[in-house]
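Worksheet: one structure, shown below.
The values are calculated or read from the model by the stated rules, or taken from the named source; none is laboratory data. Keep in mind it's a predicted model, so treat the numbers as computed, not measured. Every residue, glycine as well, gets a Cβ built from its backbone with ideal geometry; the counts of neighbours run over all protein chains shown.
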Amino acid sequence: MRLAYRVCAVWIPAVAICALLTVRDSVAQGEPSVPVKKRAWTLGIYAGASPLELGPAPNVANPVLTAADVTDMNVDALAHPFLVVKNRRYYMFFTAKDLKSDRGGIGLAESDDGVKWKFRRTVIRAPFVQSHPYVFEWENEYYLIPEAHTETAVRLYKATAFPEEWKYVGNLLEGDHYISLTLVRHKGMWWLFTSPSGNDTLRLFYASDFRGPWKEHPLSPIVKKDLRTARPAGRPFVIDGLLYRLGQDCYPTYGRAVRAFRITDISPTTYAENMVEAHVVEASGKGWNSDGMHHVDAQQTGTGRWIAVVDAIGVQ
């Protein structure tokens with residue numbers, strides 16, 4: 001304890017030194033020490049009447065997946081979950097990553113009911129780190145677009161045997177770093193939202209076919225120098241014919257909450273949006289999501305019923 005006291009005393013004021021002395025005296029008197037709790041990114045399930053009215057799902061003990069559930073890689077963080085509901089089964093694709101080495105892959109978990117989840121396997125690995133597995137269906141085929149933040153291209157994968165087998169089929173964009181890509185088809189066009197490094201800028205691209213060619217929107221970047229609204233935070237969705245996008249609120253800390261933006265005008269030449277006032281999800285101040293929540297993918301399972309996969313960082 002004397003060594004710990006000398007190191008800490010250099011950095012903290014006298015009142016904190018007194019607190020350290022109190023802890024030292026308590027341990028010396030045989031009182032039990034308080035274990036240090038670990039903070040980690042994990043995955044959970046929310047539900048609600050719409051993607052704008054989400055809360056912890058009934059009968060779910062969040063988090064439903066942690067790094068300890070991944071059995072074929074050594075990882076310490078799970079994040080960016082995307083959901084597929086197919087033949088009454090639930091499939092979750094997510095980032096599985098070792099933060100220290102910045103290595104990992106795309107994990108897969110499945111569930112019969114959306115409540116209890118089991119890790120299945122890592123489905124995509126590469127020599128460089130891949131994350132944020134944006135998975136979507138088009139014309140009865142499944143595709144996946146992962147983020148590769150160290151590379152300068154957007155890679156497209158196609159399922160050869162859904163959900164486990166995927167084949168790289170080409171690049172959608174090249175020449176820059178593309179972070180947290182989200183894709184949506186709306187009004188007969190494909191729209192791609194992505195950020196460069198820094199979390200404060202949002203770029204917009206469009207195409208008639210998601211395989212390309214892609215053009216950058218003339219108003220892009222559509223968000224500039226705004227940590228509260230720029231970086232994508234999950235799958236866009238449509239309510240009452242209106243398209244919404246999700247954005248991370250990274251002020252004052254990274255990944256603190258998720259906001260929704262109602263897109264009131266989108267075309268190859270125009271773009272306008274309004275921010276929904278309330279956060280979609282946010283840090284709770286305690287437990288598994290005490291420090292932040294920065295991703296949502298909500299899927300409709302019935303009239304007025306939505307299920308969402310989310311991520312959070314907090315005390316485990």
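For this structure, a couple of remarks:
- Some residue of segment 206-227 being under 30 Å from TRP288 (Cβ atoms) and either touching a helix residue (DSSP H, G or I) at 6+ places or on another chain (Cβ under 7 Å) or assigned to a loop (DSSP other than H, G, I, E, B) (or both): yes
- Among (1) free of Cβ contacts under 8 Å to residues at least 40 places away in the same chain; (2) among the hydrophobic types (A, V, I, L, M, F, W, C); (3) under 14 Å from VAL70 (Cβ atoms), the one test that ALA109 misses: (1)
- Residue in segment 77-86 that is of a type in the set (Val, Ile, Thr), crowded, with 18+ Cβ neighbours inside 10 Å, in a strand (DSSP E or B) and touching a residue at least 60 places away in the same chain (Cβ under 8 Å) present: yes
- Screening ILE145 against (1) closer than 14 Å to TRP166 by Cα; (2) assigned to a loop (DSSP other than H, G, I, E, B) leaves a single unmet condition, (2).
- Unique residue being surrounded by fewer than 21 Cβ atoms within 10 Å (Cβ to Cβ) and part of a strand (DSSP E or B) when the list is VAL154, VAL169, VAL115: VAL169
- Of all residues in segment 90-112 being among the polar types (S, T, N, Q) and more than 18 Å from PHE136 (Cβ to Cβ), the one that is modelled with the highest pLDDT: SER111
- On inspection, ARG103 does not qualify as farther than 27 Å from TRP191 by Cβ, free of Cβ contacts under 8 Å to residues at least 24 places away in the same chain and surrounded by fewer than 23 Cβ atoms within 10 Å (Cβ to Cβ).
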